[in-house]
Amino acid sequence: MGIRYYLPHSSGCFICGEENSFGVDARFYVEDQYVKADLWIPSRFCGFNGVVHGGIVSALLDECMGWSASVFGTKDTLCFTRNLNIKFRKNTPSETPLTLITSFSGKNRMFYEAEGCIKDSEGTVYAEGFGQFISIPSEKMDETMNYLRMDSTLTYHPVFIKLYENWKAGRKGG
């Protein structure tokens with residue numbers, strides 16, 4: 001297992017927003033060449049008793065794959081989702097320790113591609129995803145970057161730190 005580098009969260013995002021009292025509150029980090037999150041999904045996110053709603057599962061995979069595309073693909077901007085394909089292998093259980101793990105799988109024309117899964121500690125895969133992502137237009141980067149939050153007690157991934165520093169420098173010069 002490599003060094004754990006965190007990725008920022010946002011103020012109000014449904015997936016990672018610590019100020020969103022209705023959200024999932026996932027924290028993403030990079031280990032080796034993967035973006036991950038350790039999950040414990042409360043029962044309030046169930047579609048059926050004990051089964052996490054498919055929309056929540058899809059949103060988790062989408063967010064994590066988007067970070068993979070940004071950190072390992074573009075390296076100089078964040079991404080918006082273009083296409084998302086989710087395969088539900090088994091019912092994803094609530095209130096169970098789960099791991100979300102995604103990786104960058106390449107670039108296809110102007111799209112950055114990533115894939116991933118949600119699994120438990122036994123290796124059971126509940127859902128798999130594949131997504132295509134596109135760089136956020138420069139005119140949307142200010143809004144997006146202003147939305148992100150970093151905790152001073154965590155170590156952040158060097159690619160994101162460089163992105164953040166370049167963004168801040170561009171704002172001072174612009």
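The values are calculated or read from the model by the stated rules, or taken from the named source; none is laboratory data. Predicted, not measured: the structure shown is a model, and the values here were computed from it. Note that we place each Cβ from the backbone using ideal geometry, even for glycine, and neighbour counts take in every protein chain shown. The area values use the complete protein model at the heavy-atom level, side chains included, leaving out ligands, DNA and RNA. Shrake-Rupley method; radii C 1.70, N 1.55, O 1.52, S 1.80 Å.
Go over the candidates Tyr164, Tyr147 one by one and state the one that is within 30 Å of Gly47 (Cα to Cα) and at pLDDT below 95. If you could, list the steps in order and put the result at the bottom.
Details: Tyr164 fails: within 30 Å of Gly47 (Cα to Cα).
Residue meeting the stated conditions: Tyr147.
Could we say that Val71 is β-branched (Val, Ile, Thr) and under 21 Å from His9 (Cβ atoms) here? Break it down into steps so the answer makes sense when it comes.
Details: β-branched (Val, Ile, Thr): yes; under 21 Å from His9 (Cβ atoms): yes.
Here the answer is yes, as Val71 does meet what is asked.
Can you tell me which residues in segment 151-170 are farther than 17 Å from Ser138 by Cβ and of a type in the set (S, T, N, Q)? Lay out the reasoning, then the answer.
Of all residues in segment 151-170, those farther than 17 Å from Ser138 by Cβ come to 151-161.
Ser152, Thr153, Thr155 - these are the residues of segment 151-170 that are farther than 17 Å from Ser138 by Cβ and of a type in the set (S, T, N, Q).
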Seminar exercise, completed: Selection from segment 1-30 of residues outside any loop (DSSP other than H, G, I, E, B), in contact with a Leu (Cβ under 8 Å, 6 or more places away or on another chain), more than 18 Å from Met141 (Cα to Cα) and not β-branched (Val, Ile, Thr) yields Tyr6, Phe28, Tyr29
Seminar exercise, completed: Taking segment 77-106 and keeping only residues that are modelled with pLDDT of 95 or more and of a type in the set (S, T, N, Q), one is left with Thr81, Asn83, Asn85, Asn91, Thr92, Ser94, Thr96, Thr99, Thr102, Ser103, Ser105
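Out of Arg44, Arg27, which single residue is open to solvent by 20 Å² or more (accessible area, probe 1.4 Å), among the charged types (D, E, K, R) and farther than 22 Å from Tyr164 by Cβ? Spell out how you get there, then give the answer.
Details: Arg27 fails: farther than 22 Å from Tyr164 by Cβ.
On inspection, the qualifying residue turns out to be Arg44.
Just give me the residues in segment 13-22 being under 17 Å from Leu148 (Cα atoms) and surrounded by fewer than 19 Cβ atoms within 10 Å (Cβ to Cβ), in sequence order.
Within segment 13-22, Phe14, Glu18, Glu19, Asn20, Ser21 meet the criteria.
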Seminar exercise, completed: Log entry, pairs with first residue in segment 41-53 being without any contact (Cβ under 8 Å) to a residue 40 or more places away in the chain, second being surrounded by 14 or more Cβ atoms within 10 Å (Cβ to Cβ) and among the hydrophobic types (A, V, I, L, M, F, W, C), beta carbons closer than 6 Å, six or more apart or on different chains, reads His53/Phe45
For this session: With the checklist (1) open to solvent by less than 20 Å² (accessible area, probe 1.4 Å); (2) within 15 Å of the chain's Cα centre (by Cα); (3) at pLDDT 95 or above in hand, flag the one item Phe111 doesn't pass.
Result: (2)
Problem set entry | So Leu78, is it crowded, with 17+ Cβ neighbours inside 10 Å, among the aliphatic types (A, V, I, L, M), within 24 Å of Asp32 (Cα to Cα) and touching a His at 6+ places or on another chain (Cβ under 8 Å) | no
Exercise. Counting only residues that are in contact (Cβ under 8 Å) with a residue 60 or more places away in the chain and of a type in the set (Val, Ile, Thr), which one in segment 114-169 is most open to solvent (accessible area, probe 1.4 Å)?
Worked result: Thr155
Exercise. Of the conditions (1) assigned to a helix (DSSP H, G or I); (2) closer than 17 Å to Ile15 by Cα; (3) open to solvent by 30 Å² or more (accessible area, probe 1.4 Å); (4) not acidic (Asp, Glu), Met65 fails just one. Which one is it?
Worked result: (3)
Problem set entry | Tally of residues being within 17 Å of Val51 (Cβ to Cβ) and open to solvent by 40 Å² or more (accessible area, probe 1.4 Å) across segment 97-108 | 1
